[in-house]
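Here is the structure we will look at.
Values in this text are rule-based calculations from the coordinates and carry no lab data. Everything quoted here is computed from the prediction, not taken from an experiment. With ideal geometry, Cβ positions are generated from the backbone for all residues, glycine too; neighbour counts draw on all protein chains shown.
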Amino acid sequence: MTEQTNPTKNVTFYSQKAIGIATFIGGPLAAGYLIRENYFALNKPDNGNKAFLISIIATFILFGGIFIIPDNIIEKIPNQILPLAYTGIIYLIVEKIHGTILKDHEKKENKFFSAWKAAGIGFISLMILATIALSYIFLSPVSIEQKLYNANLEVFTENETESLKFYDNLNIKSNIDLVTELNELVIPKWQENVKIIESANQMESLSNELIEQNEILLNYSKLRLEAFELYKKALLIGTDIYNNDLEEIHIKIDEQLSKLN
């Protein structure tokens, strides 16, 4: 068979299937590298470098988008959906740009790199992406865990603001209405706040400053809960015998707040 009838006889390519395997493992970055290698084998380095650059951009867009999507949405997406989607897209792209060449190459029983080699490149790409992702998480000014902590603290503050309106209603609402407010709103809010801080204490990468803050907030939350439970008790039996106890609790609350400031 002459060189004219078999122009890729002395060339070794990555097959369409091998590129698909590498893409599934290592994402668009792996695909771009293998497509680049095929272009280089065809003596088209400019096209190869352009394909690799596009794959780098696509990788940043893809995984940057994943970081932006809220966790509650990400959790609903099956793990295999995203890799299958971009692998399918890459497969179609390879079919369009090199499909005819690769099929003709295979038909003439010319050489291909093994799928194992392609998979190895996919794993290298995966390691590179994992390193970048971990660097982003641990070296970025605000880590994902910090963002979660801040979000929980926002809920804590909202609960606090909403529940403290109880004091404005003390001289306005009846005892029955006040007890209802305590049962349905105020006490549940502080029970939730205690759980929020206890949950935050389980985060592994909190700074010493935040750990100390959590300890104060937990004491503060328990004191608020104790005070509102005592208000409920006093309102149910219509007595003021707990006034001194409430005053002592509020002194302790002020002490905790002064530590936060």
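Points 7 angstrom from Cα along the Cβ direction at I73 and D46: gap in nanometres? Reported label-point gap for I73 and D46 is 4.0 nm. Leaving out same-chain residues fewer than 8 places away, which aspartates and glutamates sit with a Cα under 17 Å from that of K9? Those aspartates and glutamates meeting the cut-off are E37, D104, E106, E109.
Each part gets one Cα centre, and for the stretch 28-99 versus the stretch 164-217 those centres are 48 Å apart. May I ask you to list the lysines whose Cα is less than 27 Å away from that of K173, ignoring any residue fewer than eight positions away on the same chain? Filter leaves K165, K189, K222, K232, K233, K252.
Shape of the stretch 178-261 from the C-alpha gyration tensor: oblate (a/c of 1.5 or more and a/b not above b/c, with a ≥ b ≥ c the square roots of its eigenvalues). Whole-Hz Karplus values for the stretch 114-129 come out as 5, 5, 5, 5, 5, 4, x, 5, x, 5, 4, 4, 4, 5, 4, 5 Hz, taken residue by residue from phi with 6.51 cos²θ - 1.76 cosθ + 1.60 and θ = phi - 60°; glycine and proline positions read x.
Projected label points at K108 and K165, each 7 Å from Cα along the beta carbon direction, are separated by 7.9 nanometres. Under the combined filter of DSSP loop state and at most 11 neighbouring Cβ atoms within 10 Å, the stretch 179-261 retains these GluC sites (Glu not before Pro): E204. Projecting the alpha carbon convex hull of the stretch 148-207 along each direction and taking the average yields 4.3 nm².
Counting beta carbons within 10 Å around each of H250, H105, H98 and listing the fewest first gives the order H250, H98, H105.
Exposure here means at most 15 other Cβ atoms within 10 Å; with trypsin sites (Lys or Arg not before Pro) in a DSSP loop as sites, the longest stretch of the chain lacking them is 174-261.
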